1. Output the peptides 164-173, 223-232, 127-136 sorted from most to least packed, where packing is the average of other Cβ atoms within 10 Å over each peptide's residues.
2. Are there trypsin sites (Lys or Arg not before Pro) in segment 16-56 that DSSP marks as loop and that have at most 15 other Cβ atoms within 10 Å, and which are they?
3. So, with +1 on the Cβ of K and R and -1 on the Cβ of D and E, and no other charges, what is the size of the charge dipole of segment 86-228 about its Cα centre, to the nearest 20 debye?
4. Within segment 129-161, find all residues whose amide N lies under 11 Å from a label point positioned 7 Å from the Cα of GLU172 along Cα-to-beta-carbon.
5. Using a simple charge model, +1 on the beta-carbon of Lys and Arg, -1 on the beta-carbon of Asp and Glu, nothing else, what dipole does the chain show about its Cα centre, in debye to the nearest 20?
6. Ignoring ligands, DNA and RNA, what percent of the 1.4 Å accessible area of segment 117-221 is carbon and sulfur?
7. Just to be sure I understand: of the beta bridges DSSP finds with both ends in segment 1-127, what percent are antiparallel, rounded to 5?
8. Please identify the GluC sites (Glu not before Pro) of segment 1-69 that satisfy two criteria: DSSP loop assignment and at most 12 other Cβ atoms within 10 Å. Which are they?
Amino acid sequence: LGDVSAMPLCLKTQIPDEIIEIVLLLQNSFSGINLEDIKAPRCFEVENKLIEKAEIPIFHDDQHGTAVVVLSALLNALHLAGKKIEDVKIVFSGAGAAAIAVCKLILAVGAKNIIMFDIDGAIYKGREQNNFAHEEIAKYTNLDCFKGNIKEGIKNADVFIGLSAPNLLSEEMVKSMNNKPIIFGLANPTPEIMPDEAKKYGAFITASGRSDFPNQINNSLVFPGLFNGVLKNNIKKITNEIKLNCAF
């Protein structure tokens with residue numbers, strides 16, 4: 001997709017230190033490494049250590065490819081809705097690798113009112129079920145320490161970003177959102193709400209992760225082209241600035 005030659009290497013391990021060691025041993029054979037399908041929270045450790053130690057660009061597309069494309073879509077949608085990112089309430093369903101990366105990138109461009117939800121409810125500082133990544137993101141989100149469920153938390157939200165599970169968003173929840181609600185149901189293959197249903201219930205803009213619906217938001221739209229640019233320009237580290245430039 002990005003005119004970059006690549007090969008998949010499937011590793012028969014889920015132990016972070018083993019993945020890190022294998023990638024470092026292989027790095028002289030490649031110009032860059034695209035990490036794929038390593039779940040949170042171990043993906044954060046793998047990526048951070050590899051970025052620190054490797055001499056070639058390392059990119060976890062489940063995290064950052066998703067973050068770039070969601071931010072890009074969100075900026076467009078807010079522009080069309082006549083809203084500013086610093087003014088809107090954004091609700092996340094899901095708090096895994098992709099959701100946390102998306103949240104961090106959205107915070108970097110000025111979002112101030114974000115609440116993340118996972119299977120245990122709203123994420124807030126000091127919550128018993130938090131892993132280290134949840135605890136870190138809780139420093140910058142849900143500043144009012146809301147402790148309810150997503151059905152309560154989505155009231156008066158401007159934006160819903162779903163990176164979680166199918167059929168989670170109901171008619172009642174969509175109708176409780178602010179005017180011109182933006183709904184990104186990105187669970188694959190079945191989104192949190194089908195785009196036609198979301199529209200029927202009053203969504204202003206809908207998007208999904210699927211190519212057979214309008215407004216596809218998928219990391220495959222980002223990481224091949226990003227690697228093309230990084231490799232052509234001999235860039236050794238993919239920074240936040242690069243991710244933001246890609247989104248813009």
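The values are calculated or read from the model by the stated rules, or taken from the named source; none is laboratory data. Keep in mind that what you see is a predicted model, and the values were worked out from it rather than measured. FYI the Cβ positions are ideal-geometry reconstructions off the backbone, even for glycines, and counts take in every protein chain you see. These accessible areas exclude ligands, DNA and RNA; they are computed on the full protein's heavy atoms, side chains included. Shrake-Rupley method; radii C 1.70, N 1.55, O 1.52, S 1.80 Å.
1. Top to bottom by mean Cβ count within 10 Å: 223-232, 164-173, 127-136.
2. Here the trypsin sites (Lys or Arg not before Pro) that fit, given the DSSP loop and packing criteria, are LYS39.
3. Dipole of segment 86-228, to the nearest 20 debye: 200 debye.
4. The answer is 151-152.
5. 620 debye
6. C and S fraction of accessible area: 48 percent.
7. 20 percent
8. In loop regions of segment 1-69 (DSSP not H, G, I, E or B), the sparsely surrounded GluC sites (Glu not before Pro) are GLU55.
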